[in-house]
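Trainee: Here it is, the structure, as structure tokens.
The values are calculated or read from the model by the stated rules, or taken from the named source; none is laboratory data. This structure is a prediction, so every number in the text was calculated from the model and none was measured. Positions of Cβ are generated from backbone atoms using ideal geometry, with glycine treated the same way; all protein chains shown enter the neighbour counts.
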Ligand SMILES: [Zn+2]
């Protein structure tokens, strides 16, 4: 046990990759409400219980007012591509065999200061390389979807992915 972990909101538990070998979140007490919500198909963002400022990833203290009071806010799943990169090997398997794919940075329409790093895919079940990265445009509208992945121990997580908004 490290001293750094003693100051966190609880120890992160890494239960291993998905059965396909994809990285899965190490869950801890602080982020548990976020991962519970994704399993219910909802996006929630941690909010300061004092000044209301939204923050992500979840953490114990507000960067604005230093309050440790915190709540969760249901958020819309619409976002806008802020930036992206196209990874190439060397990469971990199974990512290496799917390259080149895309990694996008998305700002939420409801709160542009909240940004997520993820993958833009053709649909919720499509592989990481399902879209030609050269078609991605900064500023294009996207929507968060949730893909359920299973670990070898049978536990699951619903991971955020992004699809193009068709409206
Ligand atoms: Zn605050």
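Trainee: Please go through the range 132-151 and give me each residue that is under 19 Å from the mean Cα position of the chain (by Cα) and either farther than 15 Å from residue 106 by Cα or not in a loop (DSSP other than H, G, I, E, B) (or both), ordered by number.
Mentor: 141, 142, 143, 144, 145, 146, 147, 148, 149, 150, 151
Trainee: A follow-up question, please. Any residue in the range 65-92 that's under 21 Å from residue 144 (Cβ atoms): show its pairings with residues that are assigned to a loop (DSSP other than H, G, I, E, B) and within 16 Å of the ligand (Cβ to nearest atom) at Cβ separation under 7 Å, as long as the two are six or more apart or on different chains.
Mentor: 71/49
Trainee: Suppose the filter is buried (at least 18 other Cβ atoms within 10 Å of the Cβ), at pLDDT 95 or above, away from the ligand (no atom under 16 Å from the Cβ) and more than 25 Å from residue 29 (Cβ to Cβ); does residue 86 pass it?
Mentor: In short, no.
Trainee: Every residue in the range 17-41 that is in contact with a helix residue (DSSP H, G or I) (Cβ under 9 Å, 6 or more places away or on another chain), surrounded by 15 or more Cβ atoms within 10 Å (Cβ to Cβ) and at pLDDT 95 or above, please.
Mentor: Of everything in the range 17-41, just one residue is in contact with a helix residue (DSSP H, G or I) (Cβ under 9 Å, 6 or more places away or on another chain), surrounded by 15 or more Cβ atoms within 10 Å (Cβ to Cβ) and at pLDDT 95 or above, namely 22.
Trainee: Kindly indicate which of 77, 53 is within 14 Å of the ligand (Cβ to nearest atom) and surrounded by 14 or more Cβ atoms within 10 Å (Cβ to Cβ).
Mentor: Matching residue, one of 77, 53: 53.
Trainee: Right, another one. Return only the number of the condition from (1) more than 16 Å from the ligand (Cβ to nearest atom); (2) under 16 Å from the mean Cα position of the chain (by Cα); (3) not in a loop (DSSP other than H, G, I, E, B) that residue 97 does not satisfy.
Mentor: (2)
Trainee: Continuing with this model, one more query. Keeping to the range 101-126, report how many residues are touching a helix residue (DSSP H, G or I) at 6+ places or on another chain (Cβ under 6 Å) and surrounded by fewer than 18 Cβ atoms within 10 Å (Cβ to Cβ).
Mentor: Adding up the residues that qualify gives 0.
Trainee: Within the range 60-76, is even one residue at pLDDT 95 or above and closer than 28 Å to residue 21 by Cα?
Mentor: no
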